[in-house]
Amino acid sequence: MTGTVAVTGATGFVGQALVDHLLRSGWRVRALVHRRGLTASGTELLETVSGGLEDTVALERLLAGADALVHVAGRVRGRSARDFRPVNADGVARLARLALDRPRPPRFVLISSLAAREPGLSHYAASKREGETRLADLAAGSSMRCAVLRPPAVYGPGDRELLPLFRIMARGIAPVLGPAGARASLLHVNDLAVAVGQLLDSAAEGTYELHDGTPGGYSWDDIAATVAAVTGRRPGRRLPVPGGLLRGLAGLNLAAATLLRYQPMLTPGKVNELRHPDWVCDNSALTRATGWRPAIVLRDGLQPLLVPARPHTNEGISNVH
């Protein structure tokens, strides 16, 4: 299937990778942009609409004639539920209502989060689950086909969350932020983009988890060992970070954020997520529904991120023919 696909969150880390993949796959992409443009601009297959999720006029322009909608935009930083719900829940519902008002509702793919599996952990997790629930409730009994993806921690070019941690490990320090025995799945952003493309090409509905194909996910030590193997160094010095220390720092950060009016990443809720022992995913349902299989394991995904490519030179090449 190809046609016109509307994309929110198109200028973000995941959104950029998704737009690039959809354009290469032959889709016409109409992207909602808020503050900055897209690096893929200049192709006739890409159109942009300026506005945010609260701008009904912009959203109607975004959806006009669209065959599909991929909602990527989300809020990951905040002090309270009031910071997360307007984007992660209300924004989903607003888009769903406008999509249902179209003469032919577009296929709706929501990029949620694995955190939605545990909504009691944080305001972020609760808002992502609420967004999923409101989409399902609005679409029930309608002709709009909906699917939800719950990716785990996603990394890749442009990542601002995991890549700094990988680089710390590459310098010889291996922080352990979770409890003993904790395991988590990971996913390269390009594999996520391919999964969305294959989901759009299918009639699959429902909620799907996905990961990089590593059974049982990774422990913190597994991740540190992979970083060491990629960089050719010994595994970094293991540095367990006590949960009490993390919670104390998170509490101080939240208090400072409340006083200084900024949106924090490290909060008590985020610590709950970090300390949760099981973020392991299962690909089987998505593979059965779409045929998608991950292609990038952690070692291959980290190689270009942590090991600079050697510059090409003319040394040893003769110009005589």
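The values are calculated or read from the model by the stated rules, or taken from the named source; none is laboratory data. Fair warning: this is a prediction, and the values are worked out from it, not measured in the lab. Here the Cβ positions follow ideal geometry from the backbone for every residue, glycine too, while neighbour counts run over all protein chains shown.
The criterion of at least 3 residues that are of a type in the set (A, V, I, L, M, F, W, C) is met, among strands (runs of 3 or more DSSP E) falling completely within region 162-225, by 173-176. Taking the criterion of being closer than 28 Å to Val154 by Cβ and either basic (Lys, Arg) or part of a strand (DSSP E or B) (or both), the residues of region 98-115 that qualify are Arg107, Phe108, Val109, Leu110, Ile111. Residues that are crowded, with 19+ Cβ neighbours inside 10 Å, of a type outside the set (Ser, Thr, Tyr), closer than 23 Å to Asp191 by Cα and free of Cβ contacts under 8 Å to residues at least 60 places away in the same chain occur in region 106-114; there is at least one. Exactly one residue among Gly213, Gly181, Gly206, Gly197 is farther than 26 Å from Asp20 by Cβ, in contact (Cβ under 8 Å) with a residue 60 or more places away in the chain and within 20 Å of the chain's Cα centre (by Cα), and that residue is Gly206.
Just one residue in the set Ala228, Ala224 is at negative phi, of a type in the set (A, V, I, L, M, F, W, C), surrounded by fewer than 21 Cβ atoms within 10 Å (Cβ to Cβ) and in contact with a helix residue (DSSP H, G or I) (Cβ under 8 Å, 6 or more places away or on another chain); that residue is Ala228.
From the list Leu252, Leu298, the one residue that fits, being among the hydrophobic types (A, V, I, L, M, F, W, C), within 20 Å of the chain's Cα centre (by Cα) and at pLDDT 95 or above, is Leu298. Each residue in region 257-295 was checked for being at pLDDT below 95, of a type in the set (Gly, Ala, Ser) and more than 23 Å from Asp159 (Cβ to Cβ), and 0 of them qualify. Annotation note: of Leu121, Leu95, the sole residue that is within 18 Å of Met265 (Cα to Cα) and either in a loop (DSSP other than H, G, I, E, B) or not acidic (Asp, Glu) (or both) is Leu121. Scanning region 140-160 for residues that are free of Cβ contacts under 8 Å to residues at least 24 places away in the same chain and either at negative phi or among the acidic types (Asp, Glu) (or both) turns up just one, Ala140. In region 76-103, the residues that are free of Cβ contacts under 8 Å to residues at least 12 places away in the same chain reach residues that are surrounded by fewer than 16 Cβ atoms within 10 Å (Cβ to Cβ) and in a helix (DSSP H, G or I) with C-beta atoms within less than 9 angstrom, at least six apart or across chains, in these pairs: Asp101/Glu60. The set of residues from region 142-184 being hydroxyl-bearing (Ser, Thr, Tyr) and closer than 22 Å to Gly74 by Cα comprises just one member, Tyr155.
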